[in-house]
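To start, the structure itself, in structure tokens.
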Amino acid sequence: MNRARKIYCRVFQKAFRIAIPLLPYRKPEILNGINELPGLFRSKGIKSVLLVTDKGIRSMGLTKNLEAIMAENGIALSVYDDTVANPTTENVEEARRLYISSEAEAIIGFGGGSSIDAAKAVGARIAYPKKPLSKMEGILKVLRKIPLLVAIPTTAGTGSETTLASVIVDSRTRHKYPINSFPLIPRYAVLDPEVTRTLPPSLTASTGLDALTHAVEAYIGGSTTRETRKSAREAVRLIFSSLTEAYHNGNDMEARRNMLHAAFLAGSAFTVSYVGYVHAVAHSLGGKYNIPHGLANAVLLPYVLEKYGKKAEKKLAELADAAGISGTDAHEKALSFIYAIKAMEREMNIPEKLSGIRVEDIHELSEYADKEANPLYPVPMLMDAKELEEFYFDVAETKKANVVTIA
Ligand SMILES: NC(=O)c1ccc[n+]([C@@H]2O[C@H](COP(=O)([O-])OP(=O)(O)OC[C@H]3O[C@@H](n4cnc5c(N)ncnc54)[C@H](O)[C@@H]3O)[C@@H](O)[C@H]2O)c1
Ligand SMILES: [Fe+2]
């Protein structure tokens, strides 16, 4: 990145860093079970609610209790269950129409980040009936209050239940972009590890590594606060102590609870302190090829951390301490931390490469990543679109194939 742009990025980030205490960050109120919801809605005079979820979750019966409890309490529940992984503008518009036709007054996002993000975006579209989602991309574009939003995460990963972000794919262009605005922080979150029990090992791994990426990217960035550093370190500690346990034994409820807590903490850290290039690149890949978000992050994370080298060494050494990884100095600890991430990923069968990336798409994708990350994300080392291309080549199986062919 050229010098002038670097200066611009750092000044921009500094301004946001200084503004942190002035911005309306808040956390959702935590509920321990869905049985608290009818009373909540009744206390607010709400008689009709939209549930946003996906077919997989509903067909497993995860929403059954909620549907029953709402019916027993005379609260109408309209269900939109067509959300796809990497939710689209089309999902949001369909769910919005259901919200309106069912005269709903509140929204529940029940599922992984995809369902919760779709629910948030429905709320934004209800608040702004004439503004398309594409005009809400970026920071602080949604200022009006959205309908009451409850998030019920069924993956221990995205932390969407506590963040100001909703990440949506444009159905037409396949551009995936975050909408970052304070009214999108859910008012309530139900944190119940029981609903994560059914997560299969591969999704436990990839969504848990998404949470790890949030904690790491937030911590090594330049806009941390004492609280976000504490949350990120605690998330890293919990993930290193519980993720592989939850992967090997999905019924280990202690590990599931720790992971849900870790995902929440990591979400609380990055919503204030941002993510970094791992996420910017992962979003572009998720939008273009539908690569699951957690998987893209998991594969990219070691490459990006290695690229940062010395610039992230001290912070990574601190995270190594949090994870209980030893070393004689910061350099060794940072390397051991990256090595430990790779070892954990190998243990959980996370691949080292991603299939399907086309070399001819990389230029456009890295432009998207550049646009998302710069100037906003306070990353340890600034890179422009041209430099970010390296990460696509790092993780693309195609590169390996090409090299083999040429050789
Ligand atoms: N808003 C934010 O702050 C934020 C942060 C990170 C990621 N995201 C976004 O969240 C999305 C990814 O969310 P995700 O990783 O949670 O996955 P997801 O919501 O896309 O779900 C992935 C799959 O897991 C299944 N699933 C979910 N819970 C299950 C359970 N308990 N048992 C069995 N199957 C279950 C779903 O049916 C789906 O098929 C991406 O679009 C990503 O960009 C948002
Ligand atoms: Fe993420």
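The numbers here are math on the coordinates, done by the rules we state, and not lab data. Predicted model only: the values in this text are computed from it and were never measured. Neighbour counts run over all protein chains shown; Cβ positions are idealised from the backbone, glycine included.
Straight Cα distances below 15 angstrom link Lys55 to the aspartates and glutamates Glu67, Asp81, Asp82, Glu94, with same-chain residues fewer than 8 positions distant left out. For the stretch 32-196, the convex hull spanned by the alpha carbon atoms encloses 99 Å³ per residue. From helices alone, the chain scores -17500 deg cm²/dmol at 222 nm; the rule is -39500 (n - 2.57) for each run of n ≥ 4 DSSP H residues, then divide by the residue total. Choose one answer from Leu37, Leu285, Leu295: the residue with the largest mean-square fluctuation in a GNM of the chain with alpha-carbon springs under 10 Å. Looking only at Leu37, Leu285, Leu295, the largest GNM fluctuation is found for Leu37.
Over 27 Å apart at the Cα level, from the set Lys130/Lys386; Lys27/Lys176; Lys47/Lys135, are Lys130/Lys386; Lys47/Lys135. Which lysines does Lys315 reach when only Cα atoms under 25 Å apart count, and residues fewer than 8 places away in its own chain are ignored? Those lysines meeting the cut-off are Lys6, Lys14, Lys230, Lys307, Lys333, Lys342. Classify the stretch 168-207 as rounded, prolate or oblate, taking a ≥ b ≥ c as the square roots of the eigenvalues of its Cα gyration tensor: rounded when a/c is under 1.5, otherwise prolate if a/b is larger than b/c and oblate if not. Oblate is the answer for the stretch 168-207, as a/c is 1.5 or above yet b/c matches or exceeds a/b. Charge tally for Ser115 (other residues, Cβ to Cβ under 14 Å; Lys, Arg +1; Asp, Glu -1): -3. Evaluating 6.51 cos²θ - 1.76 cosθ + 1.60 at θ = phi - 60° for every residue in the stretch 43-58, the Karplus couplings come out as 4, 9, x, 8, 10, 9, 10, 9, 9, 10, 8, 10, 4, x, 5, 5 Hz, glycine and proline recorded as x.
Exposure proxy ranking for Leu98, Leu376, based on other Cβ atoms within 10 angstrom of each Cβ and starting from the fewest, stands as Leu98, Leu376.
Other residues with beta-carbon under 14 Å from the beta-carbon of Met348 carry, at +1 per Lys or Arg and -1 per Asp or Glu, a net charge of -3. Computed 3J(HN,Hα) for the stretch 263-275, one whole-Hz value per residue from the Karplus formula 6.51 cos²θ - 1.76 cosθ + 1.60 where θ = phi - 60°, is 4, 5, 4, 5, x, 5, 6, 7, 5, 9, 9, 6, 9, glycine and proline marked x.
Around the amide H of Ala396, modelled in the peptide plane, lie the amide H atoms of Leu354, all under 5 Å away and 5 or more residues distant in sequence or on another chain.
Scaled to the globular estimate 2.2 N^0.38 Å, the Cα spread of the chain, given as radius of gyration, is 0.95. When both the stretch 1-71 and the stretch 172-238 are represented by their alpha-carbon centers, they are found 11 Å apart.
By other beta-carbon atoms within 10 Å, ranking Met136, Met348 with the fewest at the front produces Met348, Met136. Once you place label points 7 Å from the Cα toward the Cβ at Lys311 and Leu22, how far apart are they in nm? For Lys311 paired with Leu22, the spin-label model returns 2.8 nm. Beta bridges from DSSP with both residues in the chain: antiparallel share about 20 percent, rounded to the nearest 5. Taking Cα atoms only, the orientation of helix 3-19 departs from the longest principal axis of the chain by about 40 degrees.
In this structure the amide hydrogen of Gly138, modeled in the peptide plane, comes within under 5 Å of the amide hydrogens of Ile179, Asn180, none closer than 5 places in sequence on its chain. Kindly work out what percent of the DSSP beta bridges joining two residues of the stretch 32-196 are antiparallel, to the nearest 5. Rounded to the nearest five, the antiparallel share is 25 percent.
Each residue of the stretch 296-303 was assigned a 3J(HN,Hα) from its phi angle through the Karplus curve 6.51 cos²θ - 1.76 cosθ + 1.60 (θ = phi - 60°); the sequence is 4, 4, 4, 5, 6, 3, x, 4 Hz, with glycine and proline shown as x. Ordering Val79, Val11, Val278 from the fewest to the most neighbouring beta carbons within 10 Å gives Val11, Val79, Val278. Its relative contact order, with pairs defined as Cα atoms under 8 Å and 6+ residues apart, puts the chain at 16 percent.
Among DSSP bridges having both ends in the stretch 139-294, what percentage is antiparallel? Round to the nearest 5. The answer is about 60 percent antiparallel.
Under a 5 Å amide H cut-off, with hydrogens placed 1.01 Å from N, Val49 pairs with Ala76, Leu77, Ser78, Glu105 among residues at least 5 apart or on other chains.
Pairing the Cα long axis of helix 362-373 with the longest principal axis of the chain, what angle in degrees results, from 0 to 90 and rounded to the nearest 10? Roughly 70 degrees between the two axes. A Förster distance of 56 Å, applied to the separation of the beta-carbon atoms of Lys6 and Lys44, puts the FRET efficiency at 0.70. Counting only aspartates and glutamates at least 8 places from Lys145 when in the same chain, those with an alpha carbon closer than 20 Å to its own are Glu29, Glu93, Glu103, Glu105, Asp117, Glu137, Glu161.
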